[in-house]
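Read the figures in this text as sums done on the coordinates, not as results from a lab. Please read all numbers here as calculations on a predicted model, not as lab measurements. Here Cβ is always computed from backbone atoms with ideal geometry, including for glycine, and neighbour counts include all displayed protein chains.
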Amino acid sequence: MEIMQIVGLGIIATILIVILKESRPEFAVLLSIVTGVIIFLLIVPQLVYVVDTISSLSSRANVDISYFNTIVKIIGMAYLVEFASQISRDAGQDSIAMKIELGGKVLIMVLAIPILLALMDLIIKILP
Amino acid sequence: MDVDLIFKIAGIGMVAAILHMVLEKSGKQEYAYLTTLVGVIIVLGVVINLVSQLFSDIKVLFRLY
Amino acid sequence: MLLLKILMLINIFFICTILGLSFGNRYSKRLNGLSDLQEVTRLLQTDLLVFLTPIPIAIESIAEKTSKGMSEILHFISEKIEKDESGDLYPIFNEASDILKEKFNLELEDIEAFKSLGKVIGRTNREDQSLQLNYILDSLQELIHEAKEEKTKYEKMYGSLGIILGLGIVIILA
């Protein structure tokens, strides 16, 4: 049961971080990073299964493979940006968290531009 | 797997906290900060390895090349 | 394999603890040495100034009364005095101070007090000797006070430092 592992890990890590936060805040930050990474590594196998399923679904529905790749990339980047900005926010550095989010948004936008262009082409084609 | 890493890091943190307390009480502030720094660096070395593993996993999983 | 690892970790922990304790022990060693030195000086003062005993005999008789480490040094000094005919005690005390330093982990100031003992006795008349001996006793008292303060401050710290560092190494290696 993966869920038991993840929940137990989260609770134990929370208790340890609360203990450490008063005396050594820097260790609390490191501990929260490690907890996040380990929980993610625990769910990676399941995530692989999900992505593979969606990929096969999209190929069955005859969606262009490059569009699907773009969407998966955007999901990954969103996850990474969220991870980093949450850590910064936990450590009390809200401004850094904002900048990380800004960078993530801009890069996602760049990734999304080809889809946007394709949409434009479609609209222009449909227009008389 | 590496779940015990959490306990290891928490243990190092607590040891560093106690060390800091003991050294500060006997008037050796400079060593107290030094020990904290060393502890943070040791833990950082472990954490960076783990984070790089995370990044490579995400790269493969979400096809971010 | 696991058993060996656990055994080694326990070993490391105990070695660190023992190292810390012995490091802290140096301070109580110094305190012991200083109080022994004070006792010897006091006995020497009474023997030389009140009973007017000759120096080698006085030193020999004090050596019987004091603690083991101190009496060894006093025996060494009295032997040297018997061999040496020049009547100058300072070089002999100088030589003995090296042994003293190793045995009791004394600081430079403490050694100076011991050496000045060699300078004083057997040189001038009674009044001057009593003045000088009183001065040495005063400075020894001050040094003992200082050593006591250092002991309360650092002995416990080194003990807990050893335990904590051992624990830290074990946690890192585990």
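Note the per residue figure in Å³ for the convex hull of the C-alpha positions in segment C:44-101. Don't skip to the answer; put the middle values down first.
Values: hull volume 4.7 nm³, N = 58.
Given the Cα convex hull of segment C:44-101, per-residue volume reads 81 Å³.
Could you give the distance between the Cα centres of segment C:97-163 and segment C:46-66, to the whole Å?
Between the Cα centre of segment C:97-163 and that of segment C:46-66, the gap is 20 Å.
Ranked from highest to lowest mean number of other Cβ atoms within 10 Å per residue, what is the order of the peptides B:45-52, A:2-9? Present the calculation step by step, with values, prior to reporting the outcome.
Details: B:45-52: 14.4, A:2-9: 12.0.
With the highest mean Cβ count within 10 Å placed first, the list reads B:45-52, A:2-9.
Computed over the Cα atoms of segment A:18-95, what is the ratio Rg over Rh, Rh following Kirkwood?
Values: Rg = 17.5 Å, Rh = 15.0 Å.
Rg/Rh: 1.17.
Roughly speaking, what is the stretch gain from residue A:99 to residue A:23, that is 0.36 nm per residue apart minus the C-alpha to C-alpha distance, in nm to one decimal?
Numbers: separation 76, 0.36 × 76 = 27.36 nm, distance 2.86 nm.
24.5 nm is the gain from fully extending residue A:99 to residue A:23.
When we measure straight from the Cα of residue A:21, which aspartates and glutamates land under 13 angstrom away, once same-chain ones fewer than 8 places off are left out?
Here the aspartates and glutamates satisfying the reach criterion relative to residue A:21 are A:90.
Give the lysines reachable from residue C:103 as a straight Cα distance under 17 Å; neighbours fewer than 8 places away on the same chain don't count.
Answer for residue C:103, where 17 Å is the Cα cut-off: C:29, C:68, C:115, listed by chain and number.
Looking only at segment B:1-33, which residues have a backbone nitrogen under 14 Å from a spot 7 Å from the Cα of residue C:5 in the C-beta direction?
B:1-5, B:8
When averaged across all projection directions, what area in nm² does the alpha-carbon convex hull of the protein assembly as shown cover? It would help to have the intermediate numbers written out before the result.
On the way: hull surface 119.7 nm².
Average projection, Cα convex hull of the protein assembly as shown: 29.9 nm².
Enumerate the residues in segment C:31-75 having an amide nitrogen under 11 Å from the point lying 7 Å beyond the Cα of residue C:130 toward its Cβ.
Counting backbone N atoms under 11 Å from the label point, the list is C:46, C:49-51.
With a Förster radius of 35 Å, plug the Cβ-Cβ distance of residue B:7 and residue A:110 into 1/(1 + (r/R0)^6) and report the FRET value to the nearest 0.05. Show your work: numbers first, answer last.
On the way: r = 41 Å, r/R0 = 1.18.
Efficiency for this residue pair is about 0.25.
Which of the pairs A:105/B:8; B:28/C:148; B:8/C:5 have their Cα atoms more than 26 Å apart in this structure?
A:105/B:8
What's the center-to-center distance, using Cα atoms, between segment A:1-15 and segment C:1-43 in Å?
Cα centres, segment A:1-15 to segment C:1-43: 43 Å.
Any aspartates and glutamates with Cα under 18 Å of the residue C:151 Cα? List them, leaving off those in the same chain fewer than 8 positions away.
Answer for residue C:151, where 18 Å is the Cα cut-off: B:24, C:36, C:107, C:109, C:110, C:142, listed by chain and number.
Let me know the Kirkwood hydrodynamic radius for segment A:56-128, please, with Cα pairs as the basis and the value in Å to one decimal. The partial results should precede the final answer.
Details: mean 1/r = 0.0701 Å⁻¹.
Result for segment A:56-128, one decimal place: 14.3 Å.
Could you list the trypsin sites (Lys or Arg not before Pro) in segment A:14-84 that lie in coil according to DSSP, counting only those with at most 14 other Cβ atoms within 10 Å of their Cβ?
Values: sites: A:21, A:60, A:73; in loops: none.
Taking segment A:14-84 and a limit of 14 other Cβ atoms within 10 Å, no loop trypsin sites (Lys or Arg not before Pro) are found.
Convert 10 °C to kelvin, take the viscosity as 1.306 mPa s, use the Kirkwood radius over C-alpha pairs of chain C as Rh, and evaluate the Stokes-Einstein diffusion coefficient in µm²/s, rounded to a whole number. List each step's numbers first, then the result.
On the way: Rh = 18.3 Å.
Estimated diffusion coefficient is 87 µm²/s.
Over all directions, how big on average is the projection of the convex hull of the alpha-carbon atoms in segment B:4-61, in square nanometres? The partial results should precede the final answer.
On the way: hull surface 16.6 nm².
It is 4.2 nm².
Hey, any idea what Rg/Rh is for segment A:1-45, computing Rh the Kirkwood way over Cα pairs?
Details: Rg = 11.3 Å, Rh = 10.8 Å.
Radius of gyration over Kirkwood radius for segment A:1-45 works out to 1.04.
So what J values fall out for segment A:29-46 if you push phi through Karplus, 6.51 cos²θ - 1.76 cosθ + 1.60 with θ = phi - 60°, rounded to Hz, Gly and Pro as x?
For segment A:29-46, the Karplus curve yields 4, 4, 5, 5, 4, 4, 4, x, 5, 5, 4, 5, 5, 5, 8, 4, x, 5 Hz.
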